[in-house]
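What follows is one structure encoded as structure tokens, with my remarks underneath.
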Amino acid sequence: MYEKFLIIVDPQNDFIEGGSLPVSGARSAMQQLAEYVRNHAAEFSTIFVTQDAHPENHCSFTANGGIWPVHCVKASSGFEVFRQLQEALSGSDNVEYCQKGTDSAVEQYSIFSYNGGQITNPDGQKIISAIEKTSSPTIVVCGIAGDVCVMNTLNDLVQIRKSAEGISVAANFTASIDGGEKLEAFCKENNIKLLNL
């Protein structure tokens, strides 16, 4: 069995240029990722795609006291996976979609929502359980935004696994609000490899 996993963080329309919370470079990064998935999906045991799936009254929205504009409301066009990537993913049978931020009162930058030694998101637990079935997994993480949800996902993953061994970031498939500085510093500090695939 393959021991290689790909975690794509929030490749959703609202985070692409033209969406309600756009990240510069996201369209290009997701187009490159789509091409990669078309050619390499079979190399992975599972491709996990995380999605913000917010209710309309989510606490992260400015109207509700949060810091972000309305984004990724479940069943909206902004919630959907970027079309070219979705088309590439639809050609594989090893893709699983995982949702976060579904509770209006809870912000979840990470699918793992690691809190006090517990993973509070069932979809996050599903990913960890799949990874832990293998003896020496390789885990590639990418997505949007590198300095927010990708970095939080990585941080929780390292905390949960108590190691950064086998974890890398596909930098060319990741777009950051700050251009990548925080993510690069985080990876260096935690011995996570930054790759261009």
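Give the number of residues within segment 105-157 that are under 15 Å from PHE5 (Cα atoms), in contact with a Gly (Cβ under 8 Å, 6 or more places away or on another chain), of a type in the set (S, T, N, Q) and in a loop (DSSP other than H, G, I, E, B).
1
Can you tell me which residues in segment 31-54 are among the β-branched types (Val, Ile, Thr) and closer than 12 Å to LEU89 by Cα?
Once the filter is applied, which keeps residues that are among the β-branched types (Val, Ile, Thr) and closer than 12 Å to LEU89 by Cα, segment 31-54 yields VAL37, THR46, ILE47, VAL49.
Evaluate the following for SER168: is it among the small types (Gly, Ala, Ser) and either in a loop (DSSP other than H, G, I, E, B) or closer than 29 Å to CYS59 by Cβ (or both)?
no
Would you please list the contacts, defined by Cβ atoms under 9 Å and residues six or more apart or on different chains, that run from a residue in segment 80-95 that is without any contact (Cβ under 8 Å) to a residue 60 or more places away in the chain to a residue that is crowded, with 17+ Cβ neighbours inside 10 Å and hydroxyl-bearing (Ser, Thr, Tyr)?
If the second residue must be crowded, with 17+ Cβ neighbours inside 10 Å and hydroxyl-bearing (Ser, Thr, Tyr), the pairs left are ALA88/TYR36; ASN94/SER45; ASN94/THR46; VAL95/THR46.
For LEU197, state whether it is part of a helix (DSSP H, G or I) and closer than 19 Å to SER45 by Cβ.
It is false that LEU197 is part of a helix (DSSP H, G or I) and closer than 19 Å to SER45 by Cβ.
Could you please let me know if ASN39 is of a type outside the set (Gly, Ala, Ser), in a helix (DSSP H, G or I) and farther than 20 Å from ILE144 by Cα?
In short, yes.
Taking into account only those residues within segment 161-181 that are free of Cβ contacts under 8 Å to residues at least 60 places away in the same chain and within 16 Å of the chain's Cα centre (by Cα), which is nearest to THR50 (Cα to Cα)?
VAL169
Does any residue of segment 100-121 turn out to be of a type in the set (A, V, I, L, M) and under 21 Å from ALA170 (Cα atoms)?
yes
Counting just the residues of segment 35-92 that are among the hydroxyl-bearing types (Ser, Thr, Tyr) and surrounded by fewer than 13 Cβ atoms within 10 Å (Cβ to Cβ), which one comes out farthest from the chain's Cα centre (by Cα)?
If we take residues in segment 35-92 being among the hydroxyl-bearing types (Ser, Thr, Tyr) and surrounded by fewer than 13 Cβ atoms within 10 Å (Cβ to Cβ), then THR62 is farthest from the chain's Cα centre (by Cα).
So how many residues does segment 2-24 have that are assigned to a loop (DSSP other than H, G, I, E, B), on the phi < 0 side of the Ramachandran plot and in contact (Cβ under 8 Å) with a residue 24 or more places away in the chain?
Number of matching residues: 9.
Every number here is computed from the coordinates shown, using simple stated rules; none is lab data. This structure is a prediction, so every number in the text was calculated from the model and none was measured. As a convention, Cβ positions derive from the backbone with ideal geometry for all residues, glycine included, and neighbour counts pool all protein chains shown.
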